[in-house]
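The values are calculated or read from the model by the stated rules, or taken from the named source; none is laboratory data. Only a predicted model underlies this, so the values are computations on that prediction, with no experimental measurement involved. So basically every Cβ, Gly included, is an ideal-geometry build from the backbone, and we count neighbours across all protein chains shown. Side chains are part of the model used for accessible areas, which takes the heavy atoms of the whole protein and leaves out ligands, DNA and RNA. Shrake-Rupley method; radii C 1.70, N 1.55, O 1.52, S 1.80 Å.
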Amino acid sequence: MDVRIPEIPASYDAYRDELRAFIAKHVPTLEMKPRSGLRVPDTAEDVEAQRNFVRALHDAGYRQDRFQAHDGDPFEQRILQQALSTVPEAAMGNPLVAGALKLFGTDDQKAKYLPPISRGDHIWSQLFSEPNAGSDLSNLKTRADLDGDVYVVNGQKVWTTWAQWSDYGYLLARTEPTPGPAGITAFVLDMKLPGVDVRPLREITGTTDFNEVFLTDVRVPVTDVIGQPGNGWKVTNMSLAMERSGIGGGGGGAVVGELIDAARLHNRRGRSAIEADDVRQGLARLAARSRIHRAIGHKIATRAAKGKLSVSDAPIGKIWFGELNLAMCEFALRLQGPRSALTEGDPAAYLDGVWQDRFLYARAWTIAGGSNEIMRNMIAERGLGLPKEPRGS
Amino acid sequence: MDFDFNDDQDLLRATTRAYLEKRSSIASRRPLLESPEVFDRRVWEEGAELGWTALLVATEYEGGSVSDQPLVDLVVLAEEFGRTLQPGPLIPTNVVADAIARFGSVEQRRAHLPGIVAGKTVAAWCMTADGSPDLGGISLRATTGPDGGFTLTGTAGYVHGATVADLFLVTAASEAGPAQFLVPATSAGVSVRRLVTLDLTRRFGEVHFDAVAVPAANELATGDSAVDVHNRALAVATVLQGAEAVGAAEHLFAVTLQYSKDRIQFGRPIGSFQAIKHRMADLAISVEAMRAATHYAALALADGLDDADEAIATAGSYVTEAHAFLCGECLQLTGGIGFTWEHDVHLFLRRARTDEVLYGDPPWHREELCRLITSTRTKEQP
Ligand SMILES: Cc1cc2nc3c(=O)[nH]c(=O)nc-3n(C[C@H](O)[C@H](O)[C@H](O)COP(=O)(O)OP(=O)(O)OC[C@H]3O[C@@H](n4cnc5c(N)ncnc54)[C@H](O)[C@@H]3O)c2cc1C
């Protein structure tokens with residue numbers, strides 16, 4: 001048994017140092033406050049600043065493999081991923097379409113779309129969910145009707161993160177009237193086409209990260225179908241699995257060390273909370289869950305390397321992370337006692353309300369990308385072989 | 001990265017499982033559940049030939065392991081022991097073997113290890129009187145006699161295997177701080193009271209030492225090194241206890257899953273009801289978590305990784321508690337038939353509830369984990 005991964009040789013120290021210096025020099029100061037999660041700027045200036053930063057990284061040779069546009073040196077990629085994981089300014093749009101294009105796209109599509117994702121020239125979003133198709137995604141109603149060499153798209157999408165600043169959308173629409181997954185097709189949608197109407201929505205956090213997207217007679221060229229017509233369900237499941245394992249593999253979450261800081265700082269009955277038995281027990285529970293999260297990750301990585309991944313693996317990672325993150329945020333608020341009622345903007349709020357924002361945002365991880373209830377259905381039905389949920393008509 | 005057992009360890013598992021099914025299945029031990037003794041020496045000696053007592057002992061004392069991570073090999077055995085609720089003191093005997101192999105003098109190793117390895121010497125660990133791992137819970141006193149030997153007086157509680165042990169590893173408070181002694185069960189003044197326990201599959205004893213004379217040569221460690229012996233023993237026991245829980249949980253979960261597919265109510269398998277389905281999913285997650293926590297602790301201890309202490313405390317915090325919860329859920333999901341004496345689920349539940357408190361209960365390990373993580377987090381925020 002062994003959980004080590006090849007150590008990064010000392011010869012890469014220079015690469016790491018240069019990268020860090022590069023980031024420090026070029027990272028923009030945004031109007032948007034740094035927050036955990038997939039968060040979206042309010043102003044075009046911020047978006048432009050982010051774009052310039054991503055381009056600068058790209059043009060200096062710091063290109064991430066996850067955008068599928070090139071194959072980099074594995075050690076450099078690890079250093080790059082690690083360095084950028086704490087730099088939210090470098091995260092733009094929802095790039096999961098890259099995986100779909102890589103697996104199902106034509107050569108022309110790959111050449112046209114992948115490099116600009118990598119370079120930050122194109123911002124993408126994912127247009128899957130609809131008002132009546134959330135968990136039950138294959139019930140989606142947006143139609144794409146063939147008319148010569150274009151599809152005419154009509155329908156409504158919702159909860160579309162980053163849509164307000166997107167150049168392109170990864171769209172699911174129905175090309176056959178048959179119900180269920182069979183008639184669904186995946187498309188590239190140019191968000192600047194006539195008939196695409198994006199209306200931002202305000203979230204529980206008070207910020208505006210997702211949108212409604214109305215599609216009225218939008219004419220999408222047939223060359224923008226990803227994979228085969230009617231094959232969209234397969235294309236999607238692949239990219240959703242990536243999204244889930246991304247969440248399960250989890251950056252963006254709360255961390256134990258910060259809870260220790262909060263426990264030391266806040267008092268209860270005249271003593272530091274860190275001395276209270278229930279706080280110590282609670283901290284240890286969270287620390288154990290956090291360490292176990294990592295160990296489960298090693299199990300999953302081992303299965304992945306042997307080509308023995310189970311359908312339950314991504315859901316397990318997603319559930320574990322989402323619930324742990326939520327529990328940490330709730331714990332952090334409890335540590336603050338009455339002060340936890342204060343939030344961003346109040347001068348007395350702890351760390352300007354960062355935990356209050358994390359607490360509210362924590363539900364994104366348990367709902368988005370397939371809710372945890374749906375993940376449990378997947379584990380039970382596909383992983384454990386229990387009977388499927390009956391479907392209503 | 002290969003966080004899984006290797007082929008040799010898989011073979012060890014297959015051999016062990018086949019042997020236990022044939023010679024010591026749960027069904028075969030059913031008639032003994034309420035009898036004074038459940039331990040079968042012949043099974044133990046045959047098991048010794050399969051390596052049950054050899055893995056943590058060097059070849060020069062007749063031991064030997066399957067891989068270069070003997071503790072991970074032993075995890076395989078402990079999982080199989082848990083799966084079939086074995087009565088044998090796999091954990092205490094190996095804890096004692098490990099203590100002698102690591103900390104004993106050459107004479108002590110020669111005197112005891114070959115017998116343990118051969119299955120002739122069954123060993124038990126007298127940790128404390130109150131069953132907690134706190135050295136403050138020791139009631140045994142060791143006084144030094146004129147000949148340099150010791151006299152032990154006091155009690156050790158909750159000792160698995162005490163009723164059949166030939167050799168005790170005993171922790172006592174001496175003038176020089178804590179000390180450990182190797183005490184043959186036949187020593188004058190040693191007596192064992194069999195405990196009546198919730199667990200029906202193992203036997204535990206309270207060991208009384210009434211002015212037991214122990215020669216100086218039987219002292220294993222004293223002072224700081226006695227604390228090291230204690231901590232090491234506790235770490236090994238925590239890993240192996242976790243592994244027994246993993247094996248038991250995997251088995252009971254599989255049985256319950258099958259039941260949820262077979263049992264029909266309201267015209268459908270009960271496993272089609274989401275209230276049950278989601279609980280099965282949660283149990284599947286917890287089994288994976290128990291496995292990951294235990295295997296990581298085993299690996300960290302075997303390889304002496306930097307975070308070994310945290311890894312042990314993590315396993316101790318989570319695994320036995322999750323297992324006891326799983327057993328309760330499995331009982332619930334099995335309904336009335338699960339409430340019968342005949343059904344095995346109560347044997348798992350009884351044992352799981354006992355596992356939780358044997359080598360430091362989860363709250364004890366959590367306090368340990370909290371101490372470790374707060375001591376490394378020095379940065380204070382404004
Ligand atoms: C912050 C955020 C960002 C998002 N970003 C995007 C995006 O960029 N693009 C995109 O396409 N979508 C996005 N989504 C949408 C997300 O994928 C859906 O919200 C999610 O799939 C749930 O669908 P729903 O909201 O319609 O809830 P519903 O499906 O109506 O579910 C409501 C409740 O019912 C439960 N439920 C539903 N069906 C079952 C069942 N069979 N068994 C048990 N319980 C069930 C759910 O678990 C949930 O608790 C985002 C959502 C959030 C919160």
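Tabulated values for the structure
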item: Selection from B:217, B:375, B:238, by position along the positive dipole direction of chain B (Cβ); result: B:238
item: The range B:321-382 - percent of accessible surface contributed by carbon and sulfur, probe 1.4 Å; result: 58
item: Test item: Cα-centred dipole of the range A:1-138, Lys/Arg +1 and Asp/Glu -1 on Cβ, debye; result: 80
item: Long-range HN-HN contacts of residue A:186 with modeled amide H, under 5 Å; result: A:226, A:230, A:231, A:232
item: Against the rule of thumb 2.2 N^0.38 Å, how large the Cα Rg of the range B:123-221 comes out; result: 1.01
item: Loop sites in the range A:352-393: trypsin sites (Lys or Arg not before Pro), DSSP, at most 14 other Cβ within 10 Å; result: A:388, A:391
item: Residue among B:74, B:61, B:97 farthest towards the positive dipole end of the range B:57-111, charges placed on Cβ; result: B:97
item: Percent breakdown of C-alpha pair distances by 5 Å bin, ordered from the shortest bin, for the range B:7-117; result: 2, 12, 23, 23, 18, 12, 7, 3, 0
item: Test item: Cα-centred dipole of the protein assembly as shown, Lys/Arg +1 and Asp/Glu -1 on Cβ, debye; result: 1580
item: Semi-axis lengths, Å, chain A, gyration tensor of Cα atoms, sqrt of 5 times eigenvalues; result: 36, 25, 23
item: Calculated Rg and Dmax of the range A:126-230 using C-alpha coordinates, Å; result: 13.2, 45
item: The range A:10-92 pair-distance distribution - Cα-Cα, 10 Å bins, rounded %; result: 17, 50, 28, 5, 0
item: Over 26 Å (Cα to Cα) - which of A:192/A:318; A:157/A:308; A:33/A:110; A:157/A:192; A:102/B:277 fall in this group; result: A:192/A:318; A:157/A:308; A:33/A:110; A:102/B:277
item: Assigned charges on the beta-carbon of Lys, Arg, Asp, Glu; chain A dipole about Cα centre (debye); result: 1460
item: Between helix B:106-117 and chain B: long-axis angle, C-alpha atoms, 0 to 90°, nearest 10; result: 30
item: Rg/Rg_ref, the range B:298-382, where Rg_ref = 2.2 N^0.38 Å and atoms are Cα; result: 1.47
item: Burial ranking of peptide ranges B:189-198, B:15-24 (average Cβ count within 10 Å, highest at the top); result: B:15-24, B:189-198
item: Computed [θ] at 222 nm, helices only, for chain A once each DSSP H run of length n ≥ 4 contributes -39500 (n - 2.57); result: -13500 deg cm²/dmol
item: Charge dipole (chain A, unit charges on Cβ, about Cα centre) - positive-most of A:50, A:77, A:296; result: A:296
item: Percent of Cα pairs exceeding the 36 Å cut-off, where the set is the protein assembly as shown; result: 53
item: Members of the range B:349-376 that become less accessible by 50 Å² or more once partner protein chains are added (1.4 angstrom probe, chain alone as reference); result: B:366, B:367, B:370, B:373, B:374
item: Accessible surface of the range A:126-230 [probe 1.4 Å, protein heavy atoms]: carbon and sulfur percent; result: 53
item: On Cα atoms only, tilt of A:107-119 relative to the major axis of chain A in degrees; result: 30
item: Partner chain coverage, peptide B:273-285 - average Cβ within 10 angstrom; result: 6
item: Cβ neighbours within 10 Å from other chains - mean over A:381-393; result: 4
item: 0 to 90° range, to nearest 10: angle between helix A:256-265 axis and chain A longest Cα axis; result: 40
